[in-house]
Amino acid sequence: MSQNSETSGRKDYSHEATKDGPLYKFFLDGLKDMYFAEKHILEALPKMKAAATTEELQDAFEDHHLVTQKQVSRLEKVFKSIDEKAEGKKCEAIIGIVKEGESIIQDTDEGTMTRDAALIIAAQKVEHYEIASYGGLVALAETLDLGRAADLLQTTLEEEEETDLDLTDIAESFINFRAADEDEDDDSEDYEYEYDDDDDDDYNNNSLVL
Ligand SMILES: [Fe+2]
Ligand SMILES: [Fe+2]
């Protein structure tokens, strides 16, 4: 998924020939799906921030709120680059993932590390949905020779990947340990934690076992 700096800053006209094709329509549908998804995530992040126990996680959610605002604007540029109107299409997948995150707030006690450990996993489910979606959209944009769109989408893809890694770092720096301590202090067996100290696998080895 290479970036093509030569195509930055210009409109894509080469798609005209393929605009009626099913692949282009699928690509456009995917953009609309993500435009809806990003706006839905924008509404969810302040609730997740308000529910978080630690300042570290609150800051992470606040930072990602700012990043997500930029991603909405960037998607508008993608639509513009292919002469399409920016509009969202209801995405049941993100609605479900966000709903699951909100249920965590109900199911965990305020002020606990257990809540933060669970909120991080909920947030990572959102990020992974976005990573899969943007990864596919970048590939489709390249296939359709929409270089400007591909570059813009690649930037967002990298931001989502970075957010995912940042969340793993926060979980592993102390939240999962301290959540496990809460389990020892509590007879409740709602959650079971195991810490995997294999530092070699620094990608997504957040080891909360639900
Ligand atoms: Fe996003
Ligand atoms: Fe995101």
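The values are calculated or read from the model by the stated rules, or taken from the named source; none is laboratory data. Since the model is a prediction, treat every value here as computed from it, not as a measurement. We place every Cβ from the backbone using ideal geometry, glycine too, and count neighbours over all the protein chains shown.
Table for the structure above
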item: Residue within the stretch 120-139 that is more than 30 Å from Phe27 (Cβ to Cβ), modelled with pLDDT under 95 and of a type in the set (Val, Ile, Thr) present; result: no
item: Condition met for Thr53 (among the β-branched types (Val, Ile, Thr), surrounded by 21 or more Cβ atoms within 10 Å (Cβ to Cβ), at pLDDT 95 or above and farther than 16 Å from Leu157 by Cα); result: yes
item: Pairs, first in contact (Cβ under 8 Å) with a residue 24 or more places away in the chain and farther than 15 Å from Thr114 by Cβ in the stretch 48-63, second among the acidic types (Asp, Glu) and surrounded by 20 or more Cβ atoms within 10 Å (Cβ to Cβ), C-beta under 9 Å, six or more apart; result: Glu56/Asp116
item: Residues of the stretch 121-148 satisfying the condition of being within 16 Å of ligand 1 (Cβ to nearest atom), among the hydrophobic types (A, V, I, L, M, F, W, C) and touching a helix residue (DSSP H, G or I) at 6+ places or on another chain (Cβ under 7 Å); result: Ala122, Ala123, Val126, Ile131, Leu137, Val138
item: Hits in the stretch 150-178 (condition: away from ligand 1 (no atom under 16 Å from the Cβ), buried (at least 21 other Cβ atoms within 10 Å of the Cβ) and not β-branched (Val, Ile, Thr)); result: Ala150, Asp151, Ala171, Asn176
